[in-house]
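Visitor: One structure, as structure tokens, below. Some questions next.
Throughout, read-outs are computed from the coordinates displayed, never taken from laboratory work. The structure presented is a predicted model; accordingly, all values stated were derived computationally and were not measured. Neighbour counts are summed over all protein chains in view; Cβ atoms, including those assigned to glycine, are modelled from backbone coordinates with ideal geometry.
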Amino acid sequence: MKVVLESQSKTKLDTIRFIGYTIALLLLIVVHMTLLDFIAVGGLTPDLILIFCVWVTLKEGPFVGLFAGFTSGLLMDILSLDVIGTNALAKTTAAFVAGYFFKEGQADNIIGSYKFLVIVLFCSFIHNMIYFFFYLRPSETPILIFFMKYGVAITLYTTVFAIFGMLTRIKRK
């Protein structure tokens with residue numbers, strides 16, 4: 001009887017946690033689509049949704065991260081009237097890469113350290129290269145400028161915003 005009650009309690013906690021992730025994702029999408037234009041630098045904005053996908057992957061594991069990446073990317077494609085599938089592909093790939101850094105029971109240690117920033121940097125670069133590949137028109141943009149603007153600049157800007165996620169998990173001494 002005790003095992004059944006513990007199992008039901010764990011299931012309820014998991015459900016509540018995933019509802020929380022869903023609400024957080026929806027809020028981040030609203031913020032991303034409405035408020036980030038105010039902090040754009042040269043027309044470039046950080047990708048808060050990508051930080052969320054990396055966070056979820058490190059907390060819950062690769063499978064849940066892939067689901068979060070695909071779902072959030074597809075929602076972004078639909079809501080931003082973007083080409084369907086570009087965000088989904090890029091965010092799913094970034095979550096897949098972040099899954100390599102998942103360690104059971106070590107999520108708070110990883111997120112609360114510089115490792116989180118390095119993982120976000122790496123995943124953001126891969127995400128941006130995949131996402132913006134579909135928008136490259138060789139006759140319009142030289143490849144070096146494209147690489148520096150969409151590969152490096154947005155990656156660094158997103159990593160700067162990942163500091164806020166890292167600060168929420170730093171252990172107090």
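Visitor: In the chain, with Lys and Arg counted as +1 and Asp and Glu as -1 at Cβ, which of these residues, Met33, Ala94, Leu74, has the Cα nearest the positive end of the dipole, that is, farthest along it?
Guide: Of the options given, the answer is Ala94.
Visitor: For n ≥ 4 DSSP H runs only, could you compute -39500 (n - 2.57) per run for the chain, divide by its residues and tell me the 222 nm figure to the nearest 500?
Guide: Result for the chain: -23000 deg cm²/dmol, rounded to the nearest 500.
Visitor: Oh, and also: In whole Å, what is the distance between the alpha-carbon centres of the range 90-110 and the range 53-69?
Guide: Here the two parts' Cα centres lie 6 Å apart.
Visitor: A further question follows. Reachable aspartates and glutamates from Lys103, Cα under 20 Å, same-chain residues fewer than 8 places away excluded?
Guide: Here the aspartates and glutamates satisfying the reach criterion relative to Lys103 are Asp14, Glu60.
Visitor: Angle between the Cα long axis of helix 62-79 and the longest principal axis of the chain, 0 to 90 degrees, nearest 10?
Guide: 50 degrees
Visitor: Please compute P(r) over all alpha-carbon pairs of the range 2-167, binned at 10 Å starting from zero, and give each bin as a whole-number percent.
Guide: 11, 37, 35, 12, 4, 1, 0
Visitor: Compute for the range 91-173: radius of gyration divided by Kirkwood radius, i.e. Rg/Rh, restricted to C-alpha atoms, rounded to two decimals.
Guide: Looking at the range 91-173, the ratio lands at 1.08.
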